[in-house]
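Here is the structure we will look at, set down as structure tokens.
The values are calculated or read from the model by the stated rules, or taken from the named source; none is laboratory data. This one's a predicted model, so the numbers in the text were calculated from it and none came from an experiment. Positions of Cβ are backbone-derived with ideal geometry, glycine not excepted, and every protein chain shown enters the neighbour counts. Accessible surface areas use protein heavy atoms only, side chains included; no ligands, DNA or RNA. Shrake-Rupley method; radii C 1.70, N 1.55, O 1.52, S 1.80 Å.
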Amino acid sequence: MTPPHQHPYDNVLDTIGWTPIIRLRRVVGSIRTPVYGKAEFFNPGGSVKDRIGAAIIEDAERRGELTPGGVIVEGTSGNTGVALALAATQKGYRCIFTMPDKMSQEKVRLLKAFGAEVIITPTAVPPDHPDNYVVKAKTIAQNTPNAIFANQFYNQANVEAHYRTTGPELWEQTEGRITHLVGSAGTGGTMSGAGRFLKEQNPSVKVVVGDPEGSVFCDYHRSREVGEGETYKVEGIGGDKLPETLHFDLVDEFHTVSDRDSFQMARRLTKEEGLFVGGSSGLNVHVALKVARELDDPSACVVVILCDTGERYLSKLFNDEWMRENQMLESDQVTAAQMLAAKPEATPQLVTVEPSHTVRQALNLMSTYGVSQLPIIENGDCVGSLSEGSVMAKAIASPVVLDQPVHEVMEAAYPIVDAEFAVEGFSELLSRETPAVLVRLNDELAGIVTRYDVLHQVAGIR
Ligand SMILES: Cc1ncc(COP(=O)(O)O)c(C=O)c1O
């Protein structure tokens, strides 16, 4: 396969597709089955939906429904809007999008940045209610001259785009070794189109779909009955109405996943794999690891769709306050900064000495502030430490020590951690040899965490 981007492109639409597949390692851990991420956030609009934007427009042009100066109307969770707006910038069409109010502000601003008009609708309305974002878009399209309704949930051009592009790429990039395609479904276009292509190449390829808790898809796949949906926070996937673009007969397995597990995995992918993705990718990888663990087969090849960029969720899943408010950040995930903040006011955050200070001065400081560990700081860096017990022993053995500079009797410097460092990590750092750890806050040494502080936090020892 020729390396990508070798020649100039005529316009941005020609750069859509041929997104890389990247091996996942840290989140996979000791699971023997190889797992790869299909990085759809590499697309110019930042999501898997870029593949259907131009495809839906060109299909409407071919059928004579969309003519120059036309208007494109769609109900979107944001990404399809970006894809349509991106294509419309190159083809000279206007865009009007309706969007449920649960979607992030980033997504609204993004659509406006591409020149689209955005109408916000209430999330918690029944699927056939006039204010439902899809129903609203349909009405606007009917009442707007020379407008088309993109209708992604019923438009088979959506599925065809993935049958023609995503499927063949996965097959070629894995040299036909793919055994499991894992993803989730909003319209279902990705999994139906790519899944159909892959099963035509190798009928034993498994199509595995993750579904948010509260969506009706998973239960429908099992019971063929459409239940009552509940609202959930993961964006772009699942639903309370069955889309015609989700071909259930092609799906081998459905797995339900909570918002919390989806968001936690998205945060891990960013921190541990350097893949900055959104909640639906977190959900997909949560399912992919479950499948890979059960398979436990090094010769298998699991590929999971990484749907969109995490940029769109900075005010949500990547915002600790928002995660805490929504009970999705482990409350026991206490950070070093929180441990410092929890210390009694009376205790000075950080009592230190310089290498030239005498042992006597250091001991006086310890008794003045009631501390038993002292970091020795030079130019803002910890160069050594003093613990009351060992200094006392040395001074009793030979009192001349008291007038010696501390750098002559000091012990090893304390390790330094950042403010977000989780309390669980301290047990690994603290030991008999390392009685304390320093905490850096805004590039400055701001406090000290001792074994006592950790016991106090973890075991509630007073
Ligand atoms: C973030 C995100 N993930 C996944 C999907 C699902 O893609 P599809 O509609 O092809 O099922 C969407 C669809 O909008 C999405 O926005």
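Observations, loosely collected:
- Counting only heavy atoms of the protein chains and using a 1.4 Å probe, His247 has close to 40 Å² of accessible surface.
- Measuring between their Cα centroids, segment 276-293 and segment 341-402 lie 48 Å from each other.
- Amide proton proximity set for Val383, modelled H, under 5 Å, gap of 5+: Ile376, Ile377, Glu378
- The chain - percent of accessible surface contributed by carbon and sulfur, probe 1.4 Å: 50 percent
- Using alpha-carbon coordinates, inclination of helix 359-369 to the longest axis of the chain, degrees: 60 degrees
- Peptide packing: for 33-40, 107-114, 394-401, the average count of neighbouring Cβ atoms within 10 Å per residue gives the ranking 33-40, 107-114, 394-401, highest mean first.
- Between helix 279-295 and the chain: long-axis angle, C-alpha atoms, 0 to 90°, nearest 10: 80 degrees
- For the chain, the per residue solvent-accessible surface stands at 46 Å², with DNA, RNA and ligands left out and a 1.4 Å probe.
- Averaged over residues, the count of other Cβ atoms within 10 Å places the peptides 414-425, 65-76 in the sequence 65-76, 414-425, highest first.
- Gyration tensor (Cα) of segment 222-273, equivalent ellipsoid semi-axes in angstrom: 26, 14, 10
- Amide hydrogen neighbours beyond the local backbone of Gly37, cut-off 5 Å, H modeled: Ile22, Arg23, Leu24, Val304
- Think of each Lys and Arg Cβ as +1 and each Asp and Glu Cβ as -1; about the Cα centre, that makes the dipole of segment 336-459 roughly 440 debye.
- Sorting the segments 50-58, 86-94 by their residues' average number of neighbouring beta-carbon atoms within 10 angstrom, most packed first, yields 50-58, 86-94.
- Remark: for residue pairs Lys107/Lys316; Lys38/Lys102; Lys49/Lys112; Lys112/Lys271, the C-alpha separation exceeds 20 Å in Lys38/Lys102; Lys112/Lys271.
- Shape call, segment 122-194: gyration tensor on alpha carbons, a/c limit 1.5: oblate
- With the helix formula -39500 (n - 2.57) applied to DSSP H stretches of n ≥ 4, the chain reaches a computed 222 nm mean residue ellipticity of -9500 deg cm²/dmol.
- Ranked by solvent-accessible area (1.4 Å probe, protein heavy atoms only, all chains present), the residues Tyr154, Tyr9 order from largest to smallest as Tyr9, Tyr154.
- Exposure ranking of Arg26, Arg32 by accessible area [1.4 Å probe, largest first]: Arg26, Arg32
- Prolate/oblate/rounded call for segment 341-381, Cα gyration tensor, a/c under 1.5 rounded: oblate
- Separation of alpha-carbon centers, segment 1-29 and segment 132-210, rounded to whole Å: 19 Å
- Hydrodynamic radius by Kirkwood, which averages 1/r over all alpha carbon pairs of segment 336-459, in angstrom: 14.8 Å
- Mean sequence separation of contacting Cα pairs (under 8 Å, at least six apart), scaled by the length of the chain, corresponds to a relative contact order of 13 percent.
- Solvent-accessible surface ranking, highest first, for His221, His407 at 1.4 angstrom: His407, His221
- Relative contact order for segment 336-459: 27 percent, from Cα pairs under 8 Å spaced at least 6 residues apart, divided by residue count.
- Note: relative contact order over segment 28-117, using C-alpha pairs below 8 Å and six or more positions apart, is 26 percent.
- Calculated translational diffusion coefficient of the chain (10 °C, 1.306 mPa s; Stokes-Einstein with Kirkwood radius over alpha-carbon pairs) equals 63 µm²/s.
- Degrees, to the nearest 10: 133-143 long Cα axis against longest axis of the chain: 40 degrees
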